[in-house]
Amino acid sequence: MAVGKDIIKAIHEEIRSNLRIMHVCGTHEAAIAKHGIRSVLPKELKIVMGPGCPVCITPAGEIDCAMDLAAEGKIITTYGDLLRVPGSKGSLESADGDIRIVQGIHKAVEIAKNTDKEVVFISVGFETTVPTVAATILQNPPENFSILSCHRVVPPAMQWLLDQGEADLNGFILPGHVCAVMGYDEYEQFPVPQVVAGFEAEDLLLGLYMLIKQINNGEATVENAYPRAVTREGNTKAKALMYDVFTPCDIEWRGFPVIPGSGLELKREFEKYDALKRFNKTIPHIEKRSACICDQLLRGLAEPTDCPLFGTACTPRSPVGPCMVSHEGACKIWHQYHR
Ligand code: SF4
């Protein structure tokens, strides 16, 4: 950690004013908490979380829709993380029906090949998971297979956050995994300092140092502190695959309104695999009813410990909100490392 110590020293020397930096990646929050990075930073530097956990930003309406499909007799396949995320009527864990945890879309397709029943894969994730889903759809899965596309892309959410200005941000640490697929040229449209960072302690510290320097220099560009995995253009084959199969759509995020162009739906030629169209469903908007403040956490306006339910009524064993469910959720991460 000798290199890390040098970077920490350089950060302390470089900081000149109060700064609020947002990251938009659950894995970044996990790495920051695991390595105790906040504890070694100057008090002027605040790192806040954004909408970086794909499970956390899946709104209650999508969970309700998946539960309805299960109640109608479809086999629902999903990642384990999504099982306990609350909808308005409970969670998939408590729902009636045949609901199975799978490791990925390939396992869901295998199930479909061995049954006459309809099989729906709840397809959640940012740009990192979409190319695999697209490749599977291109391989013509069986007719009884479909996906509920809950995919979202990061840049429109950043645009929304910048337009609102409510989190008073000085810059962004960009998500290393997403940028490994997508590159970072899309982020150059934003007039704000940004640095792509990796997930080791030194990666994050270097990203923060570069960001502070950029802010102090009065610049607003995108720099790359993770060149061993990320290029400006990203993985062009994976990107092409993604947009061969999916097209952008407007979609609601948990804690956010509908954000234009922030979702991905299957293109018309693949709509037989689109569970919403196949079963004539729409995603309802559900008003928040609990005291959970996940919506504020996901917009960088609060921290898990600001929530009165944190660690009392809401724990990983009995989560009230999605941020206590997913291993990329801020509340679950803070519960693990901050207690
Ligand atoms: Fe929601 Fe629980 Fe986090 Fe509070 S502690 S914001 S109830 S997930």
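Taken together, the values in this text are just the output of simple stated rules run on the coordinates, not laboratory data. As the structure is a computational prediction, the values presented were derived from the model and not from experiment. Glycine gets a Cβ as well: all are built from the backbone with ideal geometry, and neighbour counts include every protein chain shown.
Just need a number here: residues in segment 150-165 that are surrounded by fewer than 19 Cβ atoms within 10 Å (Cβ to Cβ) and basic (Lys, Arg).
0
Criterion first (in contact with a Phe, Trp or Tyr (Cβ under 6 Å, 6 or more places away or on another chain) and touching a residue at least 40 places away in the same chain (Cβ under 8 Å)) does SER146 satisfy it?
So SER146 passes the test.
Does GLY311 qualify as being free of Cβ contacts under 8 Å to residues at least 60 places away in the same chain, surrounded by 15 or more Cβ atoms within 10 Å (Cβ to Cβ) and on the phi > 0 side of the Ramachandran plot?
yes
Using the structure shown, decide if GLU143 is under 13 Å from the mean Cα position of the chain (by Cα) and more than 16 Å from LYS267 (Cα to Cα).
no
Of the conditions (1) surrounded by fewer than 20 Cβ atoms within 10 Å (Cβ to Cβ); (2) free of Cβ contacts under 8 Å to residues at least 40 places away in the same chain, ARG232 fails just one. Which one is it?
(2)
For ILE251, state whether it is part of a loop (DSSP other than H, G, I, E, B), more than 15 Å from the ligand (Cβ to nearest atom), closer than 13 Å to THR58 by Cα and β-branched (Val, Ile, Thr).
no
With the requirement that a residue be in contact with a strand residue (DSSP E or B) (Cβ under 7 Å, 6 or more places away or on another chain) and buried (at least 24 other Cβ atoms within 10 Å of the Cβ), what does segment 79-90 give you?
Once the filter is applied, which keeps residues that are in contact with a strand residue (DSSP E or B) (Cβ under 7 Å, 6 or more places away or on another chain) and buried (at least 24 other Cβ atoms within 10 Å of the Cβ), segment 79-90 yields only LEU82.
Report, by residue number, each residue of segment 127-170 that is touching a His at 6+ places or on another chain (Cβ under 7 Å) and outside any helix (DSSP H, G or I).
THR128
In segment 315-333, which residues are buried (at least 24 other Cβ atoms within 10 Å of the Cβ) and either of a type in the set (D, E, K, R) or over 21 Å from the mean Cα position of the chain (by Cα) (or both)?
LYS332
List the helices (runs of 4 or more DSSP H) that sit entirely inside segment 259-339 and contain at least 2 residues that are more than 22 Å from GLY61 (Cα to Cα) and within 13 Å of the ligand (Cβ to nearest atom).
Per the criteria, 330-337.
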